[in-house]
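Chemist: Quick one: the structure is below, and I'll ask about it shortly.
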Amino acid sequence: MTKELTGNEIKSAINAKFNDLIISVEHDHLVIKNNKEKLLDFFNSLKKENKFNLLSSVTSVDYMSKFVVVYHLTSIDKNESLIIKIPCGESRKEPSIISVTSVWRGAELQEREIYDLMGIYFHDHPNMKRLLLWENFDGHPLRKDFVS
Amino acid sequence: MGPARDSFLFEIVYCHLSKDPSCDSVRYINLSFIPVELNWLSFSLTAFFWIFAFVNAALISVLMLIWGERRLIGKFQARLGPNRWGPLGLFTPIADAIKVMFKEDVEPTLSDKLIYVLAPILMVVPVFMIFPVIPYGAKSFLTNISVGVVFVLAITSINSLSVLMAGWASGNRFAIIGGIRAVAMLLSYEIPMGISAAGVVIIAGSLSLSEVVEAQIIPNAIFQPLGFLVFLVASTAELNRSPFDITEAESELVAGYMTDYSSMKFGLFYLGEFMATIASSAVIVTFYLSGWRGPSFLPIPGEFWFFAKWIGVIAIFIWFRATFPRLRIDQIMSLAWKGLFELSLINILVIALTMAIWPDPTSTQLLFMTGINWVVFLGSVYIFGKILSPNLTGNKIDKRKVIYGLD
Amino acid sequence: MSTELVTMNIGPIHPSTHGVFRMRVTFDGETIIDAEPIIGYLHRGSEKLAEERTYTQIVTLTDRMDYTASMTNNQAYILSVEKLAGIKPAERGVWLRMIAAELQRIAAHSVAIGFLINDLGAWHTPLLYLLREREKILELFEMMCGARITNSYLRPGGVFMDAPDEFWPSLNRFLDEMPERLNDIENLLTDNEIIVSRTQNVAVLNKEDAINASITGPMLRASGVDWDLRHRNPYDFYDKVSFRRPLGTVGDNNDRYLVRLQEIRESLKIIEQCLDLIEPGPIKPEEVPFLVRPGEGDSYVPIEAPKGELGFYLVSDGGISPFRCHVRAPSLMNLTLLRDMVIGYKIADLFVTFGSVDVNMGEVDR
């Protein structure tokens, strides 16, 4: 059975130097600051030190007040999974976050999908363009304020 | 009667027309009305009659083959095959032909118009020229040209030009890749085909197809199995049939060189391809399966044996198509140059040596030569199949099994 | 000799792109220099549509994602809803959906293998053999729920109707016949010289790259990683049945074919065990309302779909329809490395590799 880490377990598992990134500890996930400089280090250490080598899924939710990018990570070696949420784009204008493609290649298409449908820009992504919709499509359909 | 003296097919029409004294008047009801002075007229009429008959017979046999192939592949694939239109679906190819004729004839803007139109014609016409030289029976042939073997090999190689023309003229990238593949493949397979046919010529001591058949006391397929194998594989490749169908490669190139062809131009390619299958099967029967010769104690005419073997070889081609996946271009090329080419050389070497030792073999010597050929056949096929073929595949291969996850 | 590279658009309409997939491929002669997958031709906005449907209505949307494996799509979605709403499913319902899911896996793998061999150039023969078996499964589905492809069989808490009496003998007959049919297929294909030489050591994917690119399912197992969510994270009653996980040794196209073929055999075993363990009882708890209304929160339950890890990330705001529904589509993620896998190989290998990845455009584009 894959062990789903609780918020507290995730907090104790991660490297202590990233503690200042934590916004809050929820019962089944951590909420992390959208810090452009340290975020990639944080994910790198999750992958290297904590062996979370499989990025199950990256997705995003539009909560109107903010966008949240949700990472589901799995460790194949330890059979554990965790959830990390990163709020971004509080002002709803050009929300952006660092791309994790350099850590997990599996994020490549998912991040493009998020950019396409939710309009969150991923910095340092090798090929940041629309995935499903056509190039000059107006708007991002999965946003709650999208009017077709 | 002139040049076609031995041809029964020629004689039967000619002697009904001409008052030629060399005709055996006892055998024919004397209906002939054209005087000997107008012999050219009799010749021409005879020729026209047979051209008409052969072209139509070829076209009808293509329709039969289309039906037969679909029925047979249906059986191979555990389904019924065509069965709606006519008894056993026999009229399906006719419906198909009508459909093809009434399709819109598209000419792509980027195409090279003249070559685009010429290519399908060049595909079909040469194939018609093979049928008259095939001896269907001891005397049932239209003409017995003295260089029959060379003629057949030359005519069958024209279609590679047609394929290249079609691929080039379409101005389509799928088509040009198909055309280039065709030239590379068809030219390569000409060579083992020609060399293994040389083995047949050595046995017969003649290039005439009739004499090739007459020389086969033991059918060449049994006498020189190695040559038969090479020739069969090479003609499959020449016909663009599975597993060598890379020029049209449905799953890769859509339809290869004929991607942009429609209507009757496409129909001509289709026709040419099926007719080439029929013609090549006839050539294989003549070269290797002792043509019209059958068990002589049975009172059955040679034509029957020829047609029976003919249908058998066509069925083998259909069987190939239903069974084999396609080879990759590099594997096909290395099979031709590193496999079949050497095998055909070994074959011709052994045949030539044994013929040099026993130039005029008795029947025991013939059996002995067959034995030698079989030893060489099994040995070289083993060497090429087991030891050398892993090097022909282009990528490493091994015996593979899945392992299971441990609990 | 100066040569020119050729750039070709393969698809969206092409005999072997399995739907409306498009690749912009650059060739040097016959060798692939570059390949860029372009998708989105079948995008129907399922995730947006889900936001305005009730939880039960969304089941029909999931059918249309991976349309060769509707049952497992239903299963992934229903498991996520059950976790979100805290519904405890009825036992018989769970067994029924496990049987349905495993039958669906056999059907989906049959399609995958059949079309892979077709991409190799076999003239439909193995494909038709396998589709004949799939047809029997679809007939079983028809008995179970009245539909063949878009089943919508599962409901929160179980399934919507019990399998009829005539279903069980038919299923037993299928289980008896299938191993023999598989032997036929294996005799025809597994040691076939052409298939072996075309697929072995082509498009090799090693373990680390596969994991790093979030590749899951038979593709990951073909690379030798023992990661099957039915075994590592048993959902439903997969912890009560035993089965083996076939793993590849090299991670090439041949391994991907072999792994799928052996997984069919394991699925047959699972169904047999399910038949022993299933007992009469309700197929769905009485208390589950038609209009599921979970509390606020989110849930993600990954399952082992025929193509890989499939999961629905559902966010609820307490309403009757999800606030956000995201599909973790295995087909999409398995495409990530397609470009890297085919570069340097021949044109013909491109289609074989694409076939061995086994994507379904309905799921890629959603």
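The values are calculated or read from the model by the stated rules, or taken from the named source; none is laboratory data. Quick caveat: nothing in here was measured; it's all calculated off a predicted structure. Cβ coordinates were reconstructed from backbone atoms using ideal geometry, including for glycine residues, and neighbour counts include every protein chain displayed.
Chemist: Hey, does region C:139-160 have a residue that's within 27 Å of C:R265 (Cβ to Cβ), among the β-branched types (V, I, T) and in contact with a Lys or Arg (Cβ under 7 Å, 6 or more places away or on another chain)?
Modeler: Yes, there is a match, as at least one residue in region C:139-160 is within 27 Å of C:R265 (Cβ to Cβ), among the β-branched types (V, I, T) and in contact with a Lys or Arg (Cβ under 7 Å, 6 or more places away or on another chain).
Chemist: Select from region C:191-246 the residues that are within 12 Å of chain A (Cβ to nearest Cβ), farther than 26 Å from C:P126 by Cα and among the basic types (K, R) and list them in ascending order.
Modeler: Residues satisfying the conditions are C:K207, C:R230, C:R232.
Chemist: For region C:9-22, enumerate the residues that are within 8 Å of another protein chain (Cβ to nearest Cβ) and either on the phi > 0 side of the Ramachandran plot or surrounded by fewer than 17 Cβ atoms within 10 Å (Cβ to Cβ) (or both).
Modeler: Within region C:9-22, just C:P15 meets the criteria.
Chemist: Can you tell me which residue within region C:293-312, out of those that are of a type in the set (D, E), touching a residue at least 40 places away in the same chain (Cβ under 8 Å) and more than 7 Å from chain A (Cβ to nearest Cβ), is farthest from C:R256 (Cα to Cα)?
Modeler: First pass over region C:293-312, keeping only residues of a type in the set (D, E): C:296, C:298, C:304, C:309.
Cutting the leftovers down to touching a residue at least 40 places away in the same chain (Cβ under 8 Å) gives us C:298, C:304, C:309.
Right, trim to more than 7 Å from chain A (Cβ to nearest Cβ) and you get C:298, C:304.
On the way: C:D298: 34, C:E304: 16 Å.
Applying the filter and picking the extreme gives C:D298.
Chemist: Within the group C:D276, C:D255, which residue is closer than 20 Å to C:P89 by Cα and out of contact with any strand residue (DSSP E or B) (no Cβ under 8 Å at 6 or more places or on another chain)?
Modeler: Selected residue: C:D276, the only one of C:D276, C:D255 that is closer than 20 Å to C:P89 by Cα and out of contact with any strand residue (DSSP E or B) (no Cβ under 8 Å at 6 or more places or on another chain).
Chemist: Just one of (1) of a type in the set (D, E, K, R); (2) over 25 Å from C:T216 (Cα atoms); (3) in contact with a helix residue (DSSP H, G or I) (Cβ under 9 Å, 6 or more places away or on another chain) trips up A:R105, so point out which.
Modeler: All conditions pass for A:R105, except number (2).
Chemist: Of the residues C:L131, C:L140, only one is farther than 20 Å from C:K284 by Cα and without any contact (Cβ under 8 Å) to a residue 24 or more places away in the chain; which?
Modeler: None of the other options fit; the residue is C:L131.
Chemist: Can you name every one of the helices (runs of 4 or more DSSP H) wholly within region B:113-183 that holds 2 or more residues which are under 14 Å from the mean Cα position of the chain (by Cα) and under 30 Å from B:P301 (Cβ atoms)? Even if it seems obvious, please write down each step before you answer.
Modeler: On the way: elements: B:113-128, B:148-156, B:159-169.
The qualifying helices (runs of 4 or more DSSP H) are B:113-128, B:148-156.
Chemist: If I go through region C:293-305 residue by residue, how many of them are buried (at least 21 other Cβ atoms within 10 Å of the Cβ) and either more than 15 Å from C:L79 (Cα to Cα) or among the hydrophobic types (A, V, I, L, M, F, W, C) (or both)?
Modeler: Looking only at that region, the number is 3.
Chemist: Let me ask something additional. What is the residue count in region B:153-175 for residues that are under 22 Å from B:I284 (Cα atoms) and without any contact (Cβ under 8 Å) to a residue 24 or more places away in the chain?
Modeler: Of the residues in region B:153-175, 1 are under 22 Å from B:I284 (Cα atoms) and without any contact (Cβ under 8 Å) to a residue 24 or more places away in the chain.
Chemist: Continuing with the same structure: Conditions first: (1) out of contact with any strand residue (DSSP E or B) (no Cβ under 7 Å at 6 or more places or on another chain); (2) crowded, with 24+ Cβ neighbours inside 10 Å; (3) among the basic types (K, R). C:K136 passes all but one, so which condition is the exception?
Modeler: (2)
Chemist: Does region C:106-138 hold any residues that are closer than 16 Å to C:F174 by Cβ, in contact with a Leu (Cβ under 8 Å, 6 or more places away or on another chain) and more than 13 Å from every other protein chain (Cβ to nearest Cβ), and which are they? Outline the logic, then answer.
Modeler: Within region C:106-138, the subset closer than 16 Å to C:F174 by Cβ is C:106-110, C:129-138.
Pick out the ones that are also in contact with a Leu (Cβ under 8 Å, 6 or more places away or on another chain) and you get C:106-107, C:109-110, C:129, C:137.
C:I106, C:A107, C:H109, C:S110, C:I137 - these are the residues of region C:106-138 that are closer than 16 Å to C:F174 by Cβ, in contact with a Leu (Cβ under 8 Å, 6 or more places away or on another chain) and more than 13 Å from every other protein chain (Cβ to nearest Cβ).
Chemist: Looking at region C:23-40, can you tell me whether even one residue there is within 14 Å of chain A (Cβ to nearest Cβ) and among the aromatic types (F, W, Y)?
Modeler: Checked against the condition, which is being within 14 Å of chain A (Cβ to nearest Cβ) and among the aromatic types (F, W, Y), region C:23-40 yields no hits at all.
Chemist: Another question about this same structure. In region B:78-94, which residues are hydrophobic (A, V, I, L, M, F, W, C) and in a loop (DSSP other than H, G, I, E, B)?
Modeler: The answer is B:A78, B:L80, B:W85, B:L90, B:F91.
Chemist: Quickly run through region B:266-314 and pick out the residues that are part of a helix (DSSP H, G or I) and among the aromatic types (F, W, Y).
Modeler: B:F266, B:F269, B:Y270, B:F274, B:F287, B:Y288, B:F304, B:W305, B:F306, B:F307, B:W310
Chemist: Further question: Mind telling me which of the residues A:E90, A:E113, A:E108 ends up being touching a Pro at 6+ places or on another chain (Cβ under 8 Å) and not in a strand (DSSP E or B)? I'd like the intermediate steps shown before the answer.
Modeler: Numbers: A:E90 fails: touching a Pro at 6+ places or on another chain (Cβ under 8 Å); A:E113 fails: touching a Pro at 6+ places or on another chain (Cβ under 8 Å).
None of the others qualify; the one that does is A:E108.
Chemist: Can you find a residue in region B:12-25 that is at pLDDT below 75, over 30 Å from C:W123 (Cβ atoms), among the hydrophobic types (A, V, I, L, M, F, W, C) and assigned to a loop (DSSP other than H, G, I, E, B)?
Modeler: Within region B:12-25 (the criterion being at pLDDT below 75, over 30 Å from C:W123 (Cβ atoms), among the hydrophobic types (A, V, I, L, M, F, W, C) and assigned to a loop (DSSP other than H, G, I, E, B)), the answer is yes, since at least one residue qualifies.
Chemist: If you don't mind, there's one more thing I want to ask. Just a yes or no: is a residue in region B:315-326 closer than 19 Å to B:G227 by Cβ, part of a loop (DSSP other than H, G, I, E, B) and in contact with a helix residue (DSSP H, G or I) (Cβ under 6 Å, 6 or more places away or on another chain)?
Modeler: Scanning region B:315-326 turns up no residue that is closer than 19 Å to B:G227 by Cβ, part of a loop (DSSP other than H, G, I, E, B) and in contact with a helix residue (DSSP H, G or I) (Cβ under 6 Å, 6 or more places away or on another chain).
Chemist: Can you give me the number of residues within region B:205-223 that are buried (at least 20 other Cβ atoms within 10 Å of the Cβ) and in a helix (DSSP H, G or I)?
Modeler: Of the residues in that region, 7 qualify.
Chemist: Separate question: Of C:S267, C:S321, which residue is hydroxyl-bearing (S, T, Y), part of a loop (DSSP other than H, G, I, E, B) and more than 12 Å from chain A (Cβ to nearest Cβ)?
Modeler: On inspection, the qualifying residue turns out to be C:S321.
Chemist: Here's something else I'd like to know. Sort out which residues of region B:358-374 are loosely packed, with under 11 Cβ neighbours inside 10 Å and within 25 Å of B:F341 (Cα to Cα), and write them in order of number.
Modeler: Matches in region B:358-374: B:G371 only.
Chemist: With B:F297, B:F306, B:F266 as the choices, which residue is more than 14 Å from chain C (Cβ to nearest Cβ), buried (at least 21 other Cβ atoms within 10 Å of the Cβ) and hydrophobic (A, V, I, L, M, F, W, C)?
Modeler: On the way: B:F297 fails: buried (at least 21 other Cβ atoms within 10 Å of the Cβ); B:F266 fails: buried (at least 21 other Cβ atoms within 10 Å of the Cβ).
Checking each option against the conditions leaves just B:F306.
Chemist: A further question follows. Considering only region C:164-173, I want to know if a residue exists there that is under 22 Å from the mean Cα position of the chain (by Cα) and either touching a residue at least 40 places away in the same chain (Cβ under 8 Å) or within 12 Å of another protein chain (Cβ to nearest Cβ) (or both).
Modeler: In the first step, residues of region C:164-173 are kept if they are under 22 Å from the mean Cα position of the chain (by Cα); the result is C:171.
In the following step, the residues that additionally are either touching a residue at least 40 places away in the same chain (Cβ under 8 Å) or within 12 Å of another protein chain (Cβ to nearest Cβ) (or both) were identified as C:171.
The answer is yes; a qualifying residue exists.
Chemist: Within region B:337-347, is there a residue that is away from chain C (no Cβ under 14 Å), farther than 30 Å from C:D226 by Cβ and hydroxyl-bearing (S, T, Y)?
Modeler: Yes - at least one qualifying residue is present in region B:337-347.
Chemist: Considering only residues of region C:40-83 that are acidic (D, E) and in a loop (DSSP other than H, G, I, E, B), which is surrounded by the fewest Cβ atoms within 10 Å (Cβ to Cβ)? Quick ask: steps written out before the conclusion?
Modeler: To start, the set of residues in region C:40-83 that are acidic (D, E) comprises C:47, C:51-52, C:63, C:66, C:82.
Applying the additional criterion that residues be in a loop (DSSP other than H, G, I, E, B) yields C:51-52, C:66.
Working: C:E51: 17, C:E52: 10, C:D66: 29.
Filtering first and then ranking leaves C:E52.
Chemist: Given the conditions (1) more than 12 Å from every other protein chain (Cβ to nearest Cβ); (2) surrounded by 19 or more Cβ atoms within 10 Å (Cβ to Cβ); (3) free of Cβ contacts under 8 Å to residues at least 24 places away in the same chain, and given that C:V315 satisfies all but one, which numbered condition is not satisfied?
Modeler: (1)
Chemist: Among residues belonging to region A:51-74 that are of a type outside the set (A, V, I, L, M) and in contact with a Ser or Thr (Cβ under 7 Å, 6 or more places away or on another chain), point out the one that is nearest to C:E47 (Cα to Cα). Give the steps one after another, and end with the answer.
Modeler: Initial filter on region A:51-74 (of a type outside the set (A, V, I, L, M)): A:51-53, A:56-57, A:59-60, A:62-63, A:65-67, A:71-72, A:74.
Of the ones still in play, those that are also in contact with a Ser or Thr (Cβ under 7 Å, 6 or more places away or on another chain) are A:51-53, A:56, A:67, A:72, A:74.
Details: A:K51: 31, A:F52: 27, A:N53: 27, A:S56: 18, A:F67: 17, A:H72: 18, A:T74: 24 Å.
Top of the filtered list is A:F67.
Chemist: Looking at C:L61, C:L120, C:L116, which is the one that is out of contact with any Lys or Arg (no Cβ under 6 Å at 6 or more places or on another chain), touching a residue at least 24 places away in the same chain (Cβ under 8 Å) and of a type in the set (A, V, I, L, M)?
Modeler: C:L116
Chemist: Okay, moving on. Could you list, in sequence order, the residues of region A:104-136 that are of a type in the set (A, V, I, L, M, F, W, C), under 17 Å from A:C88 (Cβ atoms) and within 11 Å of chain C (Cβ to nearest Cβ)?
Modeler: A:A107, A:I114, A:L117, A:M118
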